[in-house]
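The values are calculated or read from the model by the stated rules, or taken from the named source; none is laboratory data. Predicted, not measured: the structure shown is a model, and the values here were computed from it. A quick note on method: Cβ atoms are made from the backbone with ideal geometry, for glycine too, and the neighbour counts reach across all protein chains shown. Ligands, DNA and RNA are excluded from the accessible area calculation, which covers all protein heavy atoms including side chains. Shrake-Rupley method; radii C 1.70, N 1.55, O 1.52, S 1.80 Å.
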Amino acid sequence: GTGRPAAVITSSGTAVANLYPAVVEAGNDGVPLVVITADRPYESRDTGSNQSVDQVKIFSGSYVRWFRDVPPPGDDVPVSLALSDANHAVSLAGQLRGPVHLNVQFRENLAPDDGPIRNDGRVGSVTRFHNRRFTDVPAFARWSRGGGRWQDSHNPVATSELAVMEVADLIVRSRRGIIVAGNLRTRPGTSPETLASAISHLAQSVGFPIFAGVQSG
């Protein structure tokens, strides 16, 4: 095969459950697979709404390498969020050799452009649907014309020498940058203090500031 992840897309509801055999086979055989499922918006969950089941982590973690519950499009959800999630999903499916699951919420299902948004009476919400409103931004236009990846994503579990070289090359070519430190999950035999010291040394070497999260210690 090509080694590139295949994608499968379904509507919401019981259609998602029909994918379970494929997800199990892909998980056991190490086949990269991106599962994209449509879902009802969060305000329609657990309300008895049509074509809805609990799809959050519906597939066992024994088979799925990563899961993301993507919020519905809105003024407070930039297109970069969805693109970053999709980019990360494709990267992890290839690096960890198995299925990943993107559960994408929609308020509009197959509505025409400029049609009224149904069931969305929130104060200050958009009352007309414009398909290009979430993609008509300079960053999206540059990316869509360039044909490259939205971002580079490397999982520490599957990090290879090539991935380390790619990151090193990116640092060399970057004029500015920041290091964001989250939860410092260490491998056996490595203490959090050792990892923190390595991050500090890297920051001093490349001249990038560190943004430390509350879980970084």
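Per the listing Arg145, Arg133, Arg175, the residue uniquely basic (Lys, Arg), at pLDDT 70 or above and in a helix (DSSP H, G or I) is Arg145. Just to verify a result, which residue in segment 63-76, among those that are open to solvent by 50 Å² or more (accessible area, probe 1.4 Å) and modelled with pLDDT of 90 or more, is nearest to Leu19 (Cα to Cα)? Among residues in segment 63-76 that are open to solvent by 50 Å² or more (accessible area, probe 1.4 Å) and modelled with pLDDT of 90 or more, the one nearest to Leu19 (Cα to Cα) is Tyr63. Considering only residues in segment 186-217 that are in a loop (DSSP other than H, G, I, E, B) and modelled with pLDDT of 85 or more, the one that is farthest from the chain's Cα centre (by Cα) turns out to be Gly207. Please indicate, with yes or no, whether at least one residue in segment 118-126 is modelled with pLDDT of 65 or more, open to solvent by less than 90 Å² (accessible area, probe 1.4 Å) and either of a type in the set (A, V, I, L, M) or not in a strand (DSSP E or B) (or both). Taking every residue of segment 118-126 in turn, none turns out to be modelled with pLDDT of 65 or more, open to solvent by less than 90 Å² (accessible area, probe 1.4 Å) and either of a type in the set (A, V, I, L, M) or not in a strand (DSSP E or B) (or both).
Residue-by-condition table, conditions (1) over 20 Å from Asn87 (Cα atoms); (2) of a type outside the set (Ser, Thr, Tyr):
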residue: Leu19; (1), (2): yes, yes
residue: Gly27; (1), (2): no, yes
residue: Asp46; (1), (2): yes, yes
residue: Ser49; (1), (2): yes, no
residue: Trp66; (1), (2): no, yes
residue: Pro71; (1), (2): no, yes
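Looking only at residues in segment 9-24 that are open to solvent by 40 Å² or more (accessible area, probe 1.4 Å) and assigned to a helix (DSSP H, G or I), the one that is nearest to Val53 (Cα to Cα) is Thr14. Within segment 204-217, residues that are within 20 Å of Ser191 (Cα to Cα) have Cβ atoms under 6 Å from residues that are among the aliphatic types (A, V, I, L, M) and part of a helix (DSSP H, G or I) in these pairs: Ile210/Ala203, counting only partners at least 6 apart in sequence or on another chain. In the set (1) in contact (Cβ under 8 Å) with a residue 60 or more places away in the chain; (2) surrounded by fewer than 18 Cβ atoms within 10 Å (Cβ to Cβ), Arg40 fails one condition alone, (2). Looking at the structure I just gave you, is Val23 touching a residue at least 40 places away in the same chain (Cβ under 8 Å) and among the β-branched types (Val, Ile, Thr)? Spelling it out, Val23 is indeed touching a residue at least 40 places away in the same chain (Cβ under 8 Å) and among the β-branched types (Val, Ile, Thr). Between Asn183, Asn155, the distinction of being surrounded by 10 or more Cβ atoms within 10 Å (Cβ to Cβ), at pLDDT 75 or above and closer than 22 Å to Ala89 by Cα belongs to Asn183 only. Here Pro99 does not qualify as at pLDDT below 90 and under 30 Å from Ser144 (Cβ atoms).
If the condition is being at pLDDT 90 or above and over 17 Å from Ala93 (Cβ atoms), then segment 21-51 contributes Pro21, Ala38, Asp39. Scanning segment 77-93 for residues that are among the small types (Gly, Ala, Ser), surrounded by fewer than 19 Cβ atoms within 10 Å (Cβ to Cβ) and under 21 Å from Val164 (Cα atoms) returns a single hit, Ser84. Just so you know, in segment 51-62 the residues that are over 20 Å from Ala86 (Cβ atoms) and surrounded by 14 or more Cβ atoms within 10 Å (Cβ to Cβ) include one that is farthest from the chain's Cα centre (by Cα), and it is Gln51.
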